[in-house]
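Just so it is clear, none of the values below were taken in a lab; they were calculated from the coordinates. Since the model is a prediction, treat every value here as computed from it, not as a measurement. Counting neighbours? That spans all protein chains shown, and the Cβs are built from the backbone with ideal geometry, glycine included.
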Amino acid sequence: MQEYRISKSREEIIKLVQKKFESENMMTIWQKDLETGTRIFKCDGKFSSLNPFDGVFTIAIDEKHKINFNPKLETYFLLQVQDFVFKTKTSVTQKSEKNSLCFQIPHDVRLKELRVHPRVYINPDEKRFVSAKFESKNGESLTIDVSCPIFNISKSGICIIVSKETLSEVKLNESISLEGLSFFDSLKNDMKCVVRNARVYSKKGLESDELYALGLEFQG
């Protein structure tokens, strides 16, 4: 079964919306009844425009379908290649024109993880840590060096657990140096990584906004 990760990075979402909509511009949109969950509206749409400054995007649909569309309900989107799913609301700041609907850029999206290499989860009791070193985002200090427990690892990347304070210093697509990976046969002890995503760390139904799972992609 394919896994999904949830992205809430505004920068990443806008880039994804633009890239995916322009390359796979046909999509299915639908709405559900709030009480029963029954699908009450469904049609195909085509990406029309994106305005990151106003936080909206527009899709083109057949005018006949708009009769059954409820602008007060959330709308779900599924692209033809099913690795990009999200829901959002119609825009209250911009009026939809004929044969089109205007929506807010979503606050979060679900992305299917397509993995070439299997991922190994590390039991917390094993207490495997890596040393992560990176530049401070605010520039007040030259580098930050923290010890972080490993959540999971594969040949292509690693997910480490970081505090909210540490996360506040990390930038998306930033380069991070890791040390302490010699236990994994196919990896060197020292590896360069790039920050790809971050999400609230959850374990056995317990979530805390003080801990985050930081996804890193190995370089070279």
Item to check | Rounded to 10°, Cα long-axis angle of helix 10-23 versus longest principal axis of the chain | outcome: 60 degrees
Checklist outcome for this item: Going fewest to most other Cβ atoms within 10 Å around each Cβ, E97, E35 line up as E35, E97
Item to check | Cross-link table K20/K155; K8/K87; K20/K42, entries beyond 18 Å C-alpha to C-alpha | outcome: K20/K155; K20/K42
Checklist outcome for this item: Magnitude of the Cβ-charge dipole (Lys and Arg +1, Asp and Glu -1) of the stretch 3-113 about the Cα centre, nearest 20 debye, reported as 160 debye
Item to check | Cubic angstrom per residue, convex hull over Cα atoms of the stretch 3-113 | outcome: 103 Å³
Item to check | Listed residue (L181, C148, S100) projecting farthest to the positive dipole end of the chain, Cβ model | outcome: S100
